[in-house]
Amino acid sequence: MTDKLIPLKIAGVGYSLPETVITNDDLTKLYETSDEWIYTRTGIKERRVVSGNQNAADLGLDAAKKALEKAKINPEDIDLIISASSAPPKLYPAIACLIHKGLGISKPVPAFDITAACSGLIYGLSIAKGYIASGMYKNILIVATDNNSRLVDWTDRSTSILFGDGAGAMVVTQSDDGVDDVIAIDIKADGNYGELIELHLDGQNCPLVEQYEPQKQVIKMNGRGVYTFVAKILPHYVEELISNAGLKAEDIDYLIPHQANIRIIQAVQERLGYSDDKVVTNIKYYGNTSAASIPIALAESVEKGNVKLGTTALMCGFGAGMTWGGAIVRLREGIC
Ligand code: ACO
């Protein structure tokens, strides 16, 4: 531990997507809907889903390996693994523990999961920042991964159209040049709005007590309610995050938002006065991949050259809880 706060470096990012593509037209085989209805209301044309035994831990491991490679960090040098997921294959062992094993790390290191739904990457980065700043850990792996396709109700056309599977990972380390890549970060939650998106974990009562009526274990969402809540808070929140950092919207090069609904993204974009080339969107191809959506958008846009490095970006997300958060970060050369 040290008295001086240690700056954080974003050293590498990576992402992973399952191969199977489900288009809006495919969904018409499940229920009455249309590509036109889905696309105009959400901006989604297709999403990726896992098949066979593949799950969020597998996708997360793949993304983690890519991020570590970019960061040029040996898995053995990782001091802490944080995984953000709301669609894990099991409640325990934590995905972070599965990734510890999958990376073949021989020494025990702390590894835990957080549940902040689609705000997971921002929450994970915020936790990592505290640990790096305090000097407690030097190299931290953050994995945000979700396997929504196993948890949505495929008979519910208002939720199952939205979600897809995927993973993103970020390696953060102590910065050795004095520059902190996290210019500003903030996380929030308001549990009073928790009923807007819920996933009930079912079980059974002790047979010696009154029986309990099991519920369907699927994502339940009040889509209209989520939309109204987020459209009301997010644009203002993002604006405040920028001004609290002593910056103006034009000081930031890119907006990398959670990919939940193109209309929500456009509302934030309009508030910041950004042109389309400053806003990263891939919702058309992947739908809402929950916690993974921001790191996938970041890593893929850098990989494709749509986001240049040596720049700054504002990442923002919201999700079940309700949780939300934002971070203004520096994107160094070589992260992807
Ligand atoms: N195809 C055709 N019709 C449909 C479909 C569909 N897939 N889904 C719903 N409808 C119908 C409804 O039955 C309803 O018909 P009715 O008027 O006859 O009753 C009508 O369309 C309107 O339904 P709404 O649910 O009110 O539609 P809305 O315009 O609100 O769009 C949507 C729904 C797309 C889900 C929108 O509310 C939305 O995107 N909300 C935000 C969701 C979100 O961002 N979630 C984030 C989750 S983050 C996390 O943490 C997991």
So which of Pro93, Pro18 ends up being within 17 Å of the chain's Cα centre (by Cα) and more than 13 Å from the ligand (Cβ to nearest atom)? Pro18
Given Gly120, Gly130, Gly164, Gly124, which one is small (Gly, Ala, Ser) and away from the ligand (no atom under 16 Å from the Cβ)? Gly130
So Gly334 clears everything in (1) on the phi > 0 side of the Ramachandran plot; (2) within 20 Å of the chain's Cα centre (by Cα) except one condition, right? Which one? (2)
Here are the criteria: (1) open to solvent by 10 Å² or more (accessible area, probe 1.4 Å); (2) within 16 Å of the ligand (Cβ to nearest atom). Tell me which single one Asp276 does not satisfy. (2)
Show the residue pairs meeting these rules: Cβ distance below 8 Å; 6+ apart or different chains; first residue within region 1-30 and modelled with pLDDT under 95; second residue assigned to a loop (DSSP other than H, G, I, E, B). Met1/Gly135; Met1/Met136; Thr2/Gly135
Among (1) farther than 22 Å from Ala292 by Cβ; (2) hydrophobic (A, V, I, L, M, F, W, C); (3) open to solvent by 40 Å² or more (accessible area, probe 1.4 Å) - the single one Ala184 does not satisfy: (3)
Quick one: which residue in Leu151, Leu208, Leu201 is open to solvent by 50 Å² or more (accessible area, probe 1.4 Å) and within 22 Å of Asn53 (Cα to Cα)? Leu201
Scanning region 304-326 for residues that are open to solvent by 20 Å² or more (accessible area, probe 1.4 Å) and in contact with a Gly (Cβ under 9 Å, 6 or more places away or on another chain), the one nearest to the ligand (Cβ to nearest atom) turns out to be Ala320
Is it fair to say Gln174 is farther than 30 Å from Thr40 by Cβ and surrounded by fewer than 16 Cβ atoms within 10 Å (Cβ to Cβ)? no
Given the criteria surrounded by 14 or more Cβ atoms within 10 Å (Cβ to Cβ), assigned to a helix (DSSP H, G or I) and within 13 Å of the ligand (Cβ to nearest atom), does Val226 qualify? yes
Among the residues of region 253-267, the number that are crowded, with 21+ Cβ neighbours inside 10 Å and farther than 14 Å from Gly317 by Cα is 1
Looking at region 205-223, which of the residues that are in contact with a strand residue (DSSP E or B) (Cβ under 8 Å, 6 or more places away or on another chain) and farther than 19 Å from Gly317 by Cα is farthest from the ligand (Cβ to nearest atom)? Gln217
Is it the case, given these coordinates, that Lys284 is open to solvent by 10 Å² or more (accessible area, probe 1.4 Å) and more than 25 Å from Ala87 (Cβ to Cβ)? no
Hey, can you tell me all the residues within region 263-312 that are out of contact with any strand residue (DSSP E or B) (no Cβ under 8 Å at 6 or more places or on another chain) and at positive phi? Gly273, Gly305
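The values are calculated or read from the model by the stated rules, or taken from the named source; none is laboratory data. All values derive from a computational prediction rather than experimental measurement. Don't worry about glycine lacking a Cβ; one is built from the backbone with ideal geometry, like all the others, and counts go over all protein chains shown. Each accessible area value is taken on the protein alone, full model and side chains, heavy atoms only, with ligands, DNA and RNA left out. Shrake-Rupley method; radii C 1.70, N 1.55, O 1.52, S 1.80 Å.
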